[in-house]
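The values are calculated or read from the model by the stated rules, or taken from the named source; none is laboratory data. Quick caveat: nothing in here was measured; it's all calculated off a predicted structure. Neighbour counts run over all protein chains shown; Cβ positions are idealised from the backbone, glycine included.
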């Protein structure tokens, strides 16, 4: 993966700006769907959510979107830290473990769209090529609704849906500070490189906290929400331009 800044490869030379990383924006007016293990809405790092729903293994909907695994709450907290004014829609697809079937994942994306999300955070993925077609269809429906999916990519594994066109791909960069992002290229496509550390917990060393690509995606989703507020546009190219303008 190339680490050349996109300012030199995609949008031409970038002018220096005083406010970097879209720090003057808070995600106001943007609705983010978090497709994960649910959330503890009253957690102090979450501070409530707009709405939530759960998807059972049989495809039925359930009002129980409480997080019993902790992952979704940590992901939502990372998003809330950087986009405190965004509306959060919780879509629970993980129940007893951090795994689900592709039908539930696709249903989760569609439920986020039905609830008006313009950014869909997928701190998850599959390497099963058999799932490409239904996920590609879900990405297309997302684009038609003028929304965007944010999902993980890696060099060693072709993760879906992160590797699909129309998705904002996110790669893990341990050297990137949590409140910053980098714009890089991944397999010839623009991508966001972000920190894999979640929001800090008092008196808990970072190495003992949850961490990894899931939180790089969450951090990136918050920056995308900021960019969407700044651009006041639902065009994917405009989001990339806004992210580029405010990156170091």
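Pick from the range 17-40 the residues that are at pLDDT 95 or above and within 15 Å of residue 179 (Cα to Cα): which of them is surrounded by the fewest Cβ atoms within 10 Å (Cβ to Cβ)? In this case the residue turns out to be 26.
Report the residue count in the range 203-235 for those that are within 18 Å of residue 165 (Cβ to Cβ) and modelled with pLDDT of 95 or more.
Quick first cut of the range 203-235, residues within 18 Å of residue 165 (Cβ to Cβ) only: 217, 220, 224, 234-235.
Then keep just the ones that are modelled with pLDDT of 95 or more; that gives 217, 220, 224.
Adding up the residues that qualify gives 3.
Inside the range 236-248, can you point out the residues that are surrounded by fewer than 20 Cβ atoms within 10 Å (Cβ to Cβ) and in contact (Cβ under 8 Å) with a residue 60 or more places away in the chain? It would help to see each step written out before you state the result.
Going residue by residue through the range 236-248, those that are surrounded by fewer than 20 Cβ atoms within 10 Å (Cβ to Cβ) are 236-238, 241, 244-245, 248.
Correct list: 236, 241, 244, 245, 248.
Out of all the residues in the range 29-46, which are touching a strand residue (DSSP E or B) at 6+ places or on another chain (Cβ under 9 Å) and outside any strand (DSSP E or B)? Residues satisfying the conditions are 29, 30, 37, 38, 39, 41, 46. Specify the residue that is farthest from the chain's Cα centre (by Cα); the eligible residues are those in the range 106-135 that are within 11 Å of residue 160 (Cβ to Cβ) and surrounded by 24 or more Cβ atoms within 10 Å (Cβ to Cβ). So, considering only residues that are within 11 Å of residue 160 (Cβ to Cβ) and surrounded by 24 or more Cβ atoms within 10 Å (Cβ to Cβ), the one farthest from the chain's Cα centre (by Cα) is 135. Take the conditions part of a loop (DSSP other than H, G, I, E, B), crowded, with 21+ Cβ neighbours inside 10 Å and at pLDDT below 90 and apply them to residue 198. Does it pass? Against the criterion (part of a loop (DSSP other than H, G, I, E, B), crowded, with 21+ Cβ neighbours inside 10 Å and at pLDDT below 90), residue 198 qualifies. Of all residues in the range 108-124, those that are in contact (Cβ under 8 Å) with a residue 24 or more places away in the chain and at positive phi have Cβ atoms under 8 Å from Cβ atoms of residues that are in a strand (DSSP E or B) and surrounded by 24 or more Cβ atoms within 10 Å (Cβ to Cβ), 6 or more apart or on another chain, in 116/89. Filtering the range 209-243 to residues that are in contact with a helix residue (DSSP H, G or I) (Cβ under 9 Å, 6 or more places away or on another chain), closer than 14 Å to residue 78 by Cα and assigned to a loop (DSSP other than H, G, I, E, B) leaves 209, 210. No other residue among 82, 92 is surrounded by 23 or more Cβ atoms within 10 Å (Cβ to Cβ), more than 28 Å from residue 24 (Cβ to Cβ), in contact (Cβ under 8 Å) with a residue 24 or more places away in the chain and touching a helix residue (DSSP H, G or I) at 6+ places or on another chain (Cβ under 8 Å) apart from 92.
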